[in-house]
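Report on one structure; see the data block that follows.
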């Protein structure tokens, strides 16, 4: 039976249980494809640079994928609400598979960057659909039981991906880290064709909000490029970065004005009148800024400060990922079985994250390996506890007719928060490292080695993680005679201590950010988790849509 708007609220929930579980299995396969395809690439990048050249374009491979994915997430979320999930999901998988094949066939860095951007569009469509379809399949009261499986998929991919990437690169070629996803992608497409239902939301004729779509794309691209290139390619106060930030701000203002008048806006602003949605968006953004922006520095600490290899560093991240899976699974089960207390569970998760991050901030060159690993486990568990909460809270508060765009908005805010955090905390770390190293270098060394060598050390501590750079540094000091060996050891220790101090400051800033999330989370209102889908807006008790 249709509502007055033409919307069929039963949708996926009217499917037989067997088809629901087959569809859920297909979603997990697609999520694994997208996740492992990301983690498998890391070990291959040095070999790719050596083969294709273009070291100065190294960061653009990641930037192109990140920007394209961020653009695709909210747009696909809205379009699937209008026209159904299946064909957009299949399209995303197909685009990703073709882009992976083309990436493996690339002969220049420019080609690889273009094809990775194409893969980002496909990946954004896949990930946007994945979490939304789980919302389609299960009502909010049951959803937490299944969200833990999604974290499990990411955890397995984070463990398997780097190992597989290194094996394929060493035994076959770096091209196979892209090629191996092609048969996996084709398998997922076949599964989706047969098991994924085509549930069209309504029979109405929709009007795509092209002006809103255009301004949103321009705003996201400008913002993500500015955050990605700041401090890496240009200074924060350079005309290029300030210009991109300014252009993004103008496009955002125009976008808001357009959305307020659009017949079917890409991002319905009326959703954010609901405090559950607006508070969740803030918490997700802030936790993304604090956590994902700082966790990127953990491998650097293990390798640069504690002196372990890249392989050993990766193995120390495995317990954290397993803890994240455990935290997410336990949190999801509690959410479904204990009455849906997502504010309480969010508070607990943020506190655990904050304590773990505080302990990480206290690490130094004398920290034992297993002590550092224990701190990462605590941090990962806290992160896992929060992972399913806010998406379920938002999905529980919105009409089923906007489930896709509401779900993708939480993913979008988390992605933007992580990008802002990476840029902000990276700047904090870089600035602190430079000042610390200047203060810690041995007295008189400035007159013994070229100024450009000191500047190079202060701006890039690659001697701590690269055996080749370490050998060059040792060779430079060996030319100083008998005192050279002692000066080398003092300089190397100064590098380690400076990097440790810089990473600790980044972690402390992340703790401060999590304090903000802790405070904001208290404003999150709890409403009972719905046991069935509905096309009505849910508001905290005693409040309306005004």
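Below, the figures for the structure above:
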quantity	calculated
Stokes-Einstein D (µm²/s) once Rh is taken as the Kirkwood radius of the stretch 85-151 over alpha-carbon pairs, at 20 °C in 1.002 mPa s	162
Relative packing of peptides 354-364, 487-497 - highest average C-beta neighbours within 10 Å first	354-364, 487-497
Square roots of 5 times each gyration tensor eigenvalue, C-alpha, the stretch 209-263, largest first, Å	26, 9, 6
Least to most buried among 69, 222 (fewest other Cβ within 10 Å first)	222, 69
Highest to lowest packing among 377-386, 94-103, scored as the average C-beta count within 10 Å	377-386, 94-103
Among 74-83, 258-267, 212-221, the order from most to least packed when residues are scored by Cβ within 10 Å on average	74-83, 212-221, 258-267
Whole-angstrom gap from the stretch 115-134 to the stretch 213-260, using each part's C-alpha centre	22
Cα-based convex hull volume of the stretch 270-529 per residue, rounded to whole Å³	124
Scattering profile of the stretch 235-381 at q = 0.12, 0.15, 0.20 Å⁻¹ [log10 I(q)/I(0), Debye over alpha-carbon scatterers]	-0.76, -0.95, -1.14
Alpha carbon centroid spacing (whole Å) that separates the stretch 61-78 from the stretch 346-400	25
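A short reminder: the numbers here are calculations on the coordinates, not readings from a lab. In this text the structure is predicted, and so the values were computed from the model without any measurement. For neighbour counting, all protein chains shown are included, and Cβ atoms are generated from backbone atoms with ideal geometry for every residue, glycine included.
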